[in-house]
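Contents: one structure, followed by commentary.
Just so it is clear, none of the values below were taken in a lab; they were calculated from the coordinates. Just so it is clear, the structure is predicted and the values come from calculations on it, not from any experiment. Every residue, glycine as well, gets a Cβ built from its backbone with ideal geometry; the counts of neighbours run over all protein chains shown.
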Amino acid sequence: MGLLREGINEVIGTTRLNAAPMGVIYRGGRYTLALFKGSHTAENILRDGWFVANLIYDPVIYVGTAFGDLSFDAFVSLMADGMEMHRLKSAEAWIAFRADVIGESGEAYSIALTPLKEEVVIDAIHPVNRGFNAIIEATVHATRFIMTNDPELEWLIRHHLLLARKCGGEREREAAGMIEELLK
């Protein structure tokens, strides 16, 4: 299996009819996740023991899943290792993992991911787009800003939104508008 690269891979993670942007860490041939306690993703992984990494190149879906829920018709079922799992219907590629807790702190779980099955659904190449990357950064900062109201994070969000508008296309501009609405 080779869809993810060394480092932190930004994906839309799905669990039981739930989707959220996640960073799948791939280092030394091992896949892991760090999950905040109390999140739907953490609760579902603890209960069900699986996780699907959806590779998708749509900034609107990254923002939408960071701050809201998708309708059930956004998901499709798949079978891997005898388990029914859910992935995004719009995924360009996906990897199904068994997910096991390997560590825990007061705030988070460390999850080991074992790849079970993967599929490339849409064979596409996406050139590096600074606008798309800026939306990912703005989204990460916005999730933390909502909890802390840290003015430095707000500055970073606005910086990345300017880059998204300058370097991105229509979907990046739409995603930037969604983030701006959240900041109000």
Cα convex hull of region 130-183, projected area averaged across orientations, nm²:
2.9 nm²
Ranked on Cβ counts within 10 Å of their own Cβ, fewest leading, Y26, Y62 go Y26, Y62
Among the lysines, which fall within straight-line cross-link reach of K37, defined as a Cα-Cα distance under 21 Å, with same-chain neighbours fewer than 8 residues apart omitted?
none
Where in the chain are the helices, taken as whole DSSP H runs, whose Cα atoms extend 18 angstrom or more along the long axis and whose Kyte-Doolittle mean reaches at least -0.5?
130-148, 151-167
Within region 98-172, list the GluC sites (Glu not before Pro) lying in a DSSP loop whose Cβ has at most 12 other Cβ atoms in a 10 Å radius.
E107
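Taking every pair of alpha-carbon atoms in the chain, give the share separated by more than 21 Å as a whole percent. Could the numbers behind the result be given before it?
Details: 8477 of 16836 pairs.
So the pairs more than 21 Å apart make up 50 percent of the total in the chain.
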In whole angstrom, how far apart do the alpha carbon centroids of region 1-52 and region 128-178 sit?
22 Å
What is the dipole size for region 7-120, taken about its Cα centre, with +1 at each Lys and Arg Cβ and -1 at each Asp and Glu Cβ, in debye to the nearest 20?
180 debye
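Roughly speaking, what is the stretch gain from E6 to D81, that is 0.36 nm per residue apart minus the C-alpha to C-alpha distance, in nm to one decimal? Let's see the in-between values first.
Numbers: separation 75, 0.36 × 75 = 27.00 nm, distance 2.49 nm.
My answer for the length gained is 24.5 nm.
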At 0.36 nm per residue, and after removing the present C-alpha to C-alpha distance, how many nm does the segment from K184 to Y26 gain when stretched out fully?
53.3 nm
If each residue's Cβ is checked for other Cβ atoms within 10 Å, how do M22, M178 rank with the fewest at the top?
M178, M22
Roughly how big is region 130-183's charge dipole about its Cα centre, with Cβ charges of +1 (Lys, Arg) and -1 (Asp, Glu), in debye to the nearest 20?
220 debye
Proximal aspartates and glutamates relative to K166, as straight alpha-carbon distance under 20 Å, when same-chain residues fewer than 8 apart are discounted:
D58, E137, E154, E174, E180, E181
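Given N residues in region 38-101, what is its alpha carbon radius of gyration divided by 2.2 N^0.38 Å? Intermediate results must be reported in sequence, preceding the final value.
Values: Rg = 12.0 Å, N = 64, 2.2 N^0.38 = 10.7 Å.
It is 1.12.
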Distance in nm between D150 and R16 label points, each 7 Å along Cα→Cβ, equals 3.4 nm
